[in-house]
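**Student:** Below is the structure I would like to discuss, written out as structure tokens.
Just so it is clear, none of the values below were taken in a lab; they were calculated from the coordinates. Worth saying up front: this structure is predicted, and the values here are computed from it rather than measured. Positions of Cβ are backbone-derived with ideal geometry, glycine not excepted, and every protein chain shown enters the neighbour counts.
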Amino acid sequence: MRGKYPRCLRLVAPIWNLSASGSRCLSSAVTPEGNQRKGGMLLQFLADRFYDVEALRDYLFQKQLSKVHKKNRSFVGIKKRYGPYIAGASFVLKQGGAVKFQGQEWIRATGHGYSRLKLLNFQAVPIEAVDASDCAINYEGLDNILALKELQSLFLQRCPHVDDWCLSRLHQLASSLQELSLAGCPRISERGLACLHHLQNLRRLDISDLPAVSNPGLTQILVEEMLPKCEVVGAEWAQGLKSGPEEQSQDTASPLPT
Amino acid sequence: MFRGAVWLLAGRGSLGRGLSTRSGGWTPDWTEKVSEIKKKIQSALPGGAWHPLYDTSHLPPEHSDVVIVGGGVLGLSVAYWLKRLEKPRGAIKVLVVDRDHTYSQASTGLSVGGIRQQFSLPENIQLSLFSVDFLRNINEYLAVVNDPPLDVQFNPSGYLFLASEKGAAIMENNVKVQRQEGAKVCLMSPEQLRNKFPWINTDGVALASYGLEGEGWFDPWCLLQGLRRKVQSLGVLFSQGEVTRFITSSSHMQTTSGKGVTMKRIHEVHVKMDHSLEYQPVECAIVINAAGAWSGQVAELAGIGKGPPDTLEGTKLPVEPRKRYVYLWHCPEGPGLETPFVADTSGAYFRREGLGHNYLGGCSPTEEEEPDPGNLEVDHDFFQDKVWPPLAHRVPAFQCLKVRSAWAGYYDYNTFDQNGVVGPHPLVSNMYFATGFSGHGLQQAPAVGRAVAEMVLEGQFRTIDLSSFLFSRFYLGEKVEERNII
């Protein structure tokens, strides 16, 4: 008999942010929207009563996960043949990001400067900046980027699968990384930001708009203390502080002599 | 159809009550009687707990293939992997028995929640490596359809072990083994320590090892609830009750050298209900002892250890509860966000908790100072005498702090060699152990669960070879010592 555990055992704020297309019926009801909700409820009703429907939902969910995994496969063959820079560049461009070789312009996957053959010219040229914003990079995919030992700027804005575990791997780029942007990543919390202290050469860090950070103002202060030579852009330290109406009147009152 | 009839009855019951007030003179608790009848009929329907005389829905089932004694993180991990590795799906009926569904004394919930790969035994390192992988992909392993994803709140801040002159050579050796197994650990000299963590006083420290990846701390309660939820969705049954007796049968056999030996098999487990003398005999094929700090008592119920000393029959399971204190304090000038889990040369440890300059810490007492494990009362003098002085020496900022709260929990302490016991008992052939991890059970639970499930289903370890953790080492006297114990 399947016991129904208490629903009040909410284990996390729903920050599961799967792509909208495939996950209509699978994502938990973060924002119930009319028809989607009704379809989801019917499927849930059936899944509660029939093993086949439950297995089907399981299968669809696993398929979604494996899609992300497939996108993040390591380019081992290319790496062996052409070196880590070409492998890293191919990976980032395939995901939809942009790459900047030393002394060159930004190369985007959709722009007209990109062609596979042209990339081969840069076999020995190190990559100095990677823009992987909005890409589906995850913990495994980061392998390709961590092999770029001369990387100076890394932009990971709004990446849905970059989380605290990925941040713990960034220490491998400590010797060269100078600019890092994590703005808008839904899964990064202050616990992951704590392991950025390895990046001693970091000069600019963007941690604005991180929904999973519980206390943005305090986190900003603590991160600034942790990385004294770095300019930390993000929340204002007064964000989240509320000044009550009494405080203002106290400021204007004159202090009584003791 | 039956249900429809019952609901109609209930409806008519309330209607009948309406009628009765009009006509007057009816028994006032008619609706209660109706609900009792409803309950009886429902228990008689297929799928209900059927017993002709009384309702047995609160009792565990009468038959179960595997009974897991102990519903903490190790027991649930074994249940999860049994359900995951079984072929075909749904083949094995698993029952988890725990005497306290609130987990008030269970080691899992009271744990500090650290996970590290810095051990000296390769097996321990492999177990932790897999467990960290499990935690990282917890939403793939423990996904339940239409439930929110789990957030174990992992802090990837690493462990920092400090060694004095005496321990420096051992630490270097350990780090070599850890690197061989694939852990990312680096060694630091006192100078590098001071550069990286300026709040440390490196007086007396000769070497430090710092875990760079895959080490830190997390929320053990979340892992427990996640496992519980997933395991329930896979069809594992839970029962709240205490195991009071095993019904066994013995057969006398002879070894090849002619020595007589008594092999036992457990046939039934008696599960006693709370606050009552009622018990249910559960007929089972396999029993898994994951009772944590009380595993020694459960093993004695099966007759393990009852025999002349220095024989296999007389070898007890050397797991007993040991009380450990954890203190939470606030220090406004304390170390910053980058603080790892620091384990000092003296054995005292601490870690950060949250954003607000709160720290958790404690110390393992020496053998002579072991507190009485009869209750979970906290001794605050222990903090003043044994925990604060070494920590204040190591981190001068801790000279001014204020203790906010404290609690105590049990280690399932293996008095033989402080390492886990895994696998079947040589004589009681259907009791498997998953216990005795002496303080690092939580961080190895996913991997140990998988190893025990492999042992049960296939008869041998497939992924991680834990043959050095079998029970027979207690009889043979082969200690498998772990030198990095906190």
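**Student:** Over region B:327-409, what is the mean sequence separation of C-alpha contacts under 8 Å (at least six apart), divided by residue count, expressed as relative contact order in percent?
**Tutor:** Computed over region B:327-409, the figure is 42 percent.
**Student:** How big is region B:327-409 along each principal axis, measuring the range of its Cα positions in Å and listing the largest first?
**Tutor:** 37, 24, 20
**Student:** Among the listed pairs A:Lys229/B:Lys184; A:Lys118/A:Lys149; B:Lys272/B:Lys306; B:Lys93/B:Lys264; A:Lys71/B:Lys176; A:Lys63/B:Lys87, which are separated by more than 30 Å between their Cα atoms?
**Tutor:** A:Lys71/B:Lys176
**Student:** Distance in nm between label sites at B:Asp203 and A:Val76, each 7 Å beyond Cα in the beta-carbon direction?
**Tutor:** 5.2 nm
**Student:** Whole-Hz Karplus ³J(HN,Hα) for region B:216-231, in order, using 6.51 cos²θ - 1.76 cosθ + 1.60 and θ = phi - 60°, x for Gly and Pro?
**Tutor:** Those phi angles translate into x, 9, 8, 8, x, 5, 5, 4, 4, 5, x, 4, 4, 5, 5, 5 Hz.
**Student:** Using each residue's phi in region B:176-190, evaluate 6.51 cos²θ - 1.76 cosθ + 1.60 at θ = phi - 60° and report the 3J(HN,Hα) Karplus result to the nearest Hz, with x for Gly and Pro.
**Tutor:** Values per residue, Gly and Pro as x: 4, 4, 4, 5, 4, 7, x, 7, 9, 10, 10, 9, 10, 7, x Hz.
**Student:** For labels at B:Lys166 and B:Tyr54 in the simple 7 Å Cα→Cβ model, what's the distance in nm?
**Tutor:** Result: 6.1 nm between the two label points.
**Student:** Calculate the length of the line joining the C-alpha centroid of region B:306-353 to that of region B:50-127, in whole Å.
**Tutor:** Computed from Cα coordinates, the inter-centre distance equals 23 Å.
**Student:** Among DSSP beta bridges lying fully in chain B, give the percent that are antiparallel, nearest 5.
**Tutor:** About 75 percent, rounded to the nearest 5.
**Student:** Whose amide H sits under 5 Å from the amide H of B:His63, counting only residues 5 or more places off or on another chain, with H placed in the peptide plane?
**Tutor:** B:Glu283
**Student:** Summing -39500 (n - 2.57) over the DSSP H runs of n ≥ 4 in the protein assembly as shown and dividing by its residue number, what mean residue ellipticity at 222 nm do you reach, to the nearest 500 deg cm²/dmol?
**Tutor:** -9500 deg cm²/dmol
**Student:** If R₀ is 56 angstrom, what is the calculated FRET efficiency for the pair B:Thr248 and A:Lys118, using the beta carbon separation as r and rounding to 0.05?
**Tutor:** Computed FRET efficiency for B:Thr248 and A:Lys118: 0.15.
**Student:** Using Cα pairs under 8 angstrom and six or more residues apart, how large is the relative contact order of chain B, in percent?
**Tutor:** 20 percent
**Student:** If you don't mind, there's one more thing I want to ask. I need the calculated FRET efficiency for the pair A:Asp48 and B:Asn358, taking r as the beta carbon distance and R₀ as 56 Å, to the nearest 0.05.
**Tutor:** With R0 = 56 Å, the Cβ-Cβ based efficiency is 0.85.
**Student:** When the Cα centres of region B:410-486 and region B:247-304 are compared, how far apart do they sit, in Å?
**Tutor:** 18 Å
**Student:** Additional query: Give the long-range amide H neighbours of B:Val243: residues separated by 5 or more places, or on another chain, with amide H under 5 Å away, using H modelled in the peptide plane at 1.01 Å from N.
**Tutor:** Residues meeting the criterion, in which the H sits 1.01 Å from N, are B:Lys272.
**Student:** First measure r as the distance between the Cβ atoms of B:Ile41 and B:His63, then evaluate 1/(1 + (r/R0)^6) with R0 = 35 Å and state the FRET efficiency to the nearest 0.05.
**Tutor:** 0.90
**Student:** Under the rule of at least 5 residues apart or a separate chain, name every residue whose amide H is placed under 5 Å from the amide H of B:Tyr159.
**Tutor:** Under 5 Å from the amide H of B:Tyr159 lie the amide H atoms of B:Gly211, B:Phe341, each far enough along the sequence or on another chain.
**Student:** Report the antiparallel proportion of the DSSP beta bridges in the protein assembly as shown as a percent, rounded to a multiple of 5.
**Tutor:** Percent antiparallel among DSSP bridges in the protein assembly as shown is about 65.
**Student:** Enumerate the calculated ³J(HN,Hα) couplings along region B:461-477 in order (Karplus 6.51 cos²θ - 1.76 cosθ + 1.60, θ = phi - 60°), each rounded to whole Hz, writing x wherever the residue is Gly or Pro.
**Tutor:** Those phi angles translate into 7, 9, 8, 10, 8, 10, 5, 7, 9, 6, 5, 4, 5, 5, 6, 6, x Hz.
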